[in-house]
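Each remark here refers to the structure printed beneath this line.
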Amino acid sequence: MAEPPREELVPGAVLLRRAALPVAAELLQCIDEVVLQAPFRHMHTPGGHRMSVAMTNCGACGWITDASGYRYSEVDPETGEPWPALPAAFLTVATSAASNAGFAGFQPDACLVNCYVPGARMTLHQDRNEADFEQPIVSISLGLPADFQFGGLLRSDPVRRVRLGHGDVVVWGGPARLRFHGVLPLKDGKHAATGCVRYNLTLRTAR
Ligand code: SIN
Ligand code: FE2
């Protein structure tokens, strides 16, 4: 497979445009299967705000938030069951993207699956509930385009805005691992593969 175009956003953060495009249909099929077992839900922040992004997880553990805080859990609190297994297709794309971005040996054990409808957004945050910050984050976008914000190590640092489309993959680790990032409210639209939504998969080594 030809190497995808590679754009360094900042040291440690790489955008691999359309890297997941060849397997996008398979990834979407896997999302459908995950959701049968662990449906999308709107979680609440510790402060009590309902998140506009609907979420679920697959893998050995999944990211959750409720009144007790942000954390990883080995079971889906909605069902009391383990999360669905990480689909092989997720693992393959994520490890190959990580290695293209300079992070060989990535072994994710958790995948947060985000579903955005028009208006849904994710405010600036750091991914810091994982045990080992040596491991990168791999983010795969599917469906409607979104304006991703990539900031600095302080919430108040200037942000760079990057349009992420179907099949685009962003990897951040090393000096960029704790950079603030977020997603601006999704704009209305219709995508041939997903209809009126955007999905995002973020693969992490949580434990
Ligand atoms: C996240 O930070 O969990 C989501 C990023 C995205 O939706 O692109
Ligand atoms: Fe994040």
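Values for this structure:
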{"quantity": "Qualifying residue in the stretch 181-199 (condition: in a strand (DSSP E or B), closer than 24 Å to A85 by Cβ and aromatic (F, W, Y))", "calculated": "yes"}
{"quantity": "One residue from L178, L203, L164, L124 being within 14 Å of ligand 2 (Cβ to nearest atom), modelled with pLDDT of 95 or more and touching a helix residue (DSSP H, G or I) at 6+ places or on another chain (Cβ under 7 Å)", "calculated": "L203"}
{"quantity": "Any chance H181 is near ligand 1 (Cβ under 10 Å from one of its atoms) and more than 23 Å from R17 (Cβ to Cβ)", "calculated": "no"}
{"quantity": "Candidate set from the stretch 107-161 (those that are part of a loop (DSSP other than H, G, I, E, B) and among the hydrophobic types (A, V, I, L, M, F, W, C)); member that is surrounded by the fewest Cβ atoms within 10 Å (Cβ to Cβ)", "calculated": "L154"}
{"quantity": "Set L203, L164, L178, L184: member being under 18 Å from T56 (Cα atoms) and of a type outside the set (D, E, K, R)", "calculated": "L203"}
{"quantity": "Of all residues making up the stretch 25-52, the number that are under 25 Å from P87 (Cβ atoms), of a type outside the set (D, E) and out of contact with any His (no Cβ under 6 Å at 6 or more places or on another chain)", "calculated": "16"}
{"quantity": "Test result for A38, within 27 Å of L153 (Cα to Cα) and crowded, with 20+ Cβ neighbours inside 10 Å", "calculated": "no"}
{"quantity": "Given (1) out of contact with any His (no Cβ under 6 Å at 6 or more places or on another chain); (2) within 11 Å of ligand 1 (Cβ to nearest atom); (3) within 21 Å of G102 (Cα to Cα), number of the condition L124 does not satisfy", "calculated": "(3)"}
{"quantity": "Criterion: without any contact (Cβ under 8 Å) to a residue 40 or more places away in the chain and either over 23 Å from R198 (Cβ atoms) or within 12 Å of ligand 1 (Cβ to nearest atom) (or both) - qualifying residue of E74, E81", "calculated": "E74"}
{"quantity": "Pair list, Cβ < 7 Å and 6+ apart or interchain, from the stretch 113-140 residues that are of a type in the set (S, T, Y) to residues that are within 14 Å of ligand 2 (Cβ to nearest atom) and in a loop (DSSP other than H, G, I, E, B)", "calculated": "Y116/V53"}
{"quantity": "Residue pairs meeting the criteria (Cβ under 7 Å; at least 6 apart or on separate chains; first closer than 22 Å to A24 by Cα and aromatic (F, W, Y), in the stretch 167-190; second within 12 Å of ligand 1 (Cβ to nearest atom) and assigned to a strand (DSSP E or B))", "calculated": "W172/I137"}
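The values are calculated or read from the model by the stated rules, or taken from the named source; none is laboratory data. The shown structure was predicted, so the numbers you read here are calculated from the model rather than taken from an experiment. Cβ atoms come from the backbone with ideal geometry, glycine included; neighbour counts cover every protein chain shown.
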